[in-house]
Amino acid sequence: MIFSSVGGLQPSQQAIQLMHDFLGYPIYFIQFLSIAKLIGSIVILIPNLDRIKEWAYAGLFFDLAGAIYSSIAAAGKFDPMMLTMAIWILPGIVSYYLWHKRMSSGELAINSR
């Protein structure tokens, strides 16, 4: 997500063509999404921000789900190449699961003292 957000901070002509012309989003929305993805990605990497990290995971998941839905809706048909975006959902789910597992084991260790 960090790498995809950096390109949108100063959107190229290709990004504008895809997101504005094809998907129909306003041009200012490209930078907004990029900043939100960048902040969410950084928050996930910083330890001890549990409540904010939960929101960051949710925001990045909805961003990716929205990108998949927007692509399918704008194209009017399903193209198997659109599944390349769905590939990134699995690492996000695994990361979220492992983070929760680590949080649970840490809380159990603290409560058992």
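Just so you know, all these numbers are worked out from the coordinates, no wet-lab data involved. Note that this is a predicted model, so its numbers are computed, not measured. Here the Cβ is made from the backbone with ideal geometry for all residues, glycine too, and neighbour counts use every protein chain on show.
Looking at the structure I just gave you, is residue 18 in contact with a Ser or Thr (Cβ under 8 Å, 6 or more places away or on another chain), surrounded by 14 or more Cβ atoms within 10 Å (Cβ to Cβ) and not aromatic (Phe, Trp, Tyr)? Judged against the criteria, residue 18 is not a match.
Given 37, 53, which one is touching an Asp or Glu at 6+ places or on another chain (Cβ under 7 Å) and either surrounded by 14 or more Cβ atoms within 10 Å (Cβ to Cβ) or aliphatic (A, V, I, L, M) (or both)? Quick ask: steps written out before the conclusion?
Numbers: 53 fails: touching an Asp or Glu at 6+ places or on another chain (Cβ under 7 Å).
Step by step, each of 37, 53 is checked, and only 37 is touching an Asp or Glu at 6+ places or on another chain (Cβ under 7 Å) and either surrounded by 14 or more Cβ atoms within 10 Å (Cβ to Cβ) or aliphatic (A, V, I, L, M) (or both).
With the condition kept exactly as written, say whether any residue in the range 65-77 is basic (Lys, Arg), in a loop (DSSP other than H, G, I, E, B) and free of Cβ contacts under 8 Å to residues at least 60 places away in the same chain. Among the residues of the range 65-77, at least one is basic (Lys, Arg), in a loop (DSSP other than H, G, I, E, B) and free of Cβ contacts under 8 Å to residues at least 60 places away in the same chain, which makes the answer yes. Taken over the range 21-34, the criterion of being loosely packed, with under 13 Cβ neighbours inside 10 Å, without any contact (Cβ under 8 Å) to a residue 12 or more places away in the chain and not in a loop (DSSP other than H, G, I, E, B) is satisfied by 21, 28, 32.
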